[in-house]
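Data block below; observations after.
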Amino acid sequence: MEEKSLSDLSIHISEGCLVVPIQGEIDDERMSKIQCQILKGVEDSKVKGVVIDLSGVRIIEPYHAGIIDKTAKMISLLGAKTVLTGIKPGVAIALTDSNFDFKEIYETAGTFEEGVKKLQPLVRVEEKSEEAEEEVEKNEVIEEVDTGEETGDGEDGNVEDEEDFLAEQDEKDID
Amino acid sequence: MKEEILRIPINKEIDVLIARREIKSEAERIGFRWIDQTRIATAVSELTRNIIKHAYRGEVVVNKDDGGIEIICQDEGPGIPDVEQALEKGFSTTNSLGIGLIGAKHLMDDFKIESNDRGTTITAYKKLK
């Protein structure tokens, strides 16, 4: 497999939203890793909005589009709302002719910035009500998978953590 | 004038990716527009994913002729009990996550299913426009 296809995921929080940029070619393993990280991210950060940015994905297998759809439903069960952004024609093809009921569960927006903006009313309301007990940290990177730019020292730890996490998720059988 | 240009065994998940990628590049080489290359690749993803899900193994054969490209997905699985029902919108046996056979059909110009208890052959054709 090409090196490029294993592009990295860097989930972070921006303006009270969990931002999930997905890039490159998706396979089953990567998709399930992404799903785990999103759900863990929502749980850990208690955000009310999730932006899944697909601008780095040119083509997607319908099966994986289905997992994104399912993930949005899970996010909804966790009490947050999802906006899909940056959908390219190749991805739109896999999302149409399907049973994905995205209107009910999630919305779409052109760009990631528009997606964050769309979620602001939700995030703001939540901020007010939880002002005292929890502060929404902006631009905090909560999870970063090995981007290939790090030095060897950090990598091992990250990979182990991730494997532990995935093993844990497997046990829970979240799918 | 029909010429076989690809034959890919479908045994595991990675083969779905390989089939999609290789067929997309063949479609590009033949001269399909980008949007049609993507339609073909998406349909192939769905059909080969079905092979893994329902039949565990099979193969995809790609033929070209002057008018376009023919994708034949065949397996020796249990077959589709009710082909008409399988082509209804929203039909799914295993709560599957794809676009279904109907989705794959919409992406192609011609779509034929032959299925019995010894296996399934789906022949799909996309015209070069």
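The values are calculated or read from the model by the stated rules, or taken from the named source; none is laboratory data. Bear in mind the structure is a predicted one, so any value in this text is a computation, not a measurement. Methodologically, a virtual Cβ is constructed for each residue, glycine included, from the backbone with ideal geometry; neighbour enumeration extends over all protein chains shown. Heavy atoms of the whole protein, side chains included, go into the accessibility calculation; ligands, DNA and RNA do not. Shrake-Rupley method; radii C 1.70, N 1.55, O 1.52, S 1.80 Å.
Counting only protein heavy atoms and rolling a 1.4 Å probe, how much accessible area do B and A lose on contact, total for both sides, in Å² to 100?
2200 Å²
If amide H atoms are built 1.01 Å from N in the plane of the peptide, which residues on other chains or at least 5 residues away come under 5 Å of the amide H of A:THR85?
A:ILE52, A:ASP53, A:LEU54, A:ALA109
For segment A:12-124, what does the accessible surface come to per residue with a 1.4 Å probe? Please give it in Å².
I get 38 Å² per residue for this part.
With every protein chain present, what accessible area does B:GLU3 have (1.4 Å probe, heavy atoms only), rounded to the nearest 10 Å²?
About 90 Å², ignoring ligands and nucleic acids.
In whole percent, and with a 1.4 Å probe on the protein chains, what portion of the accessible area of segment B:3-129 is carbon and sulfur? Please list the in-between numbers first.
Working: 2820 of 6080 Å².
After summing per-atom areas, the C and S share lands at 46 percent.
Short version: ³J(HN,Hα) in whole Hz for each residue of segment A:25-41, in order, from phi by Karplus 6.51 cos²θ - 1.76 cosθ + 1.60 (θ = phi - 60°), x for Gly and Pro, what are they?
Ordered by residue, 3J(HN,Hα) equals 7, 10, 10, 4, 5, 5, 4, 6, 5, 4, 4, 4, 5, 5, 5, 5, x Hz.
How about segment B:10-37: which of its residues lose at least 40 Å² of accessible area in the presence of all protein chains relative to their chain isolated, using a 1.4 Å probe?
Buried-area filter returns B:GLU13, B:LEU17, B:ARG20, B:ARG21, B:TRP34.
7 Å from Cα along Cα→Cβ at both A:LEU77 and A:LYS46: what's the point-to-point distance in nm?
Calculated label separation equals 2.2 nm.
Using 7 Å Cα-to-Cβ label points, what is the A:ARG58/B:GLU4 separation (nm, one decimal)?
3.0 nm
Label-point separation (nm) for B:SER25 and A:GLU107, each offset 7 Å from Cα along Cα-to-Cβ?
With each label point 7 Å from Cα toward Cβ, the separation is 4.2 nm.
Please name the residues of segment B:45-77 whose accessible area, counted over protein heavy atoms with a 1.4 angstrom probe, falls by no less than 50 Å² between the chain alone and the full protein assembly.
In segment B:45-77, residues shielded by partner chains: B:ARG49.
Given a 1.4 angstrom probe, what's the average accessible area per residue across segment B:22-65, in square angstrom?
In whole numbers, segment B:22-65 has 38 Å² accessible per residue.
For chain B, what does the alpha-carbon gyration tensor say about shape, rounded, prolate or oblate, given a ≥ b ≥ c as the root eigenvalues, a/c under 1.5 as rounded, and a/b over b/c as prolate?
Taking the square roots of the gyration eigenvalues as a ≥ b ≥ c, chain B is prolate.
Sequence-distant or interchain residues sharing an amide H contact under 5 Å with A:VAL19, placed H: which?
When sequence neighbours closer than 5 places are left aside, the close amide H contacts are A:HIS12, A:ILE13, A:SER14, A:VAL51.
Threshold 50 Å², probe 1.4 Å: give the residues of segment A:64-94, in number order, that are less accessible with all protein chains present than with their chain alone.
By number: A:ILE93.
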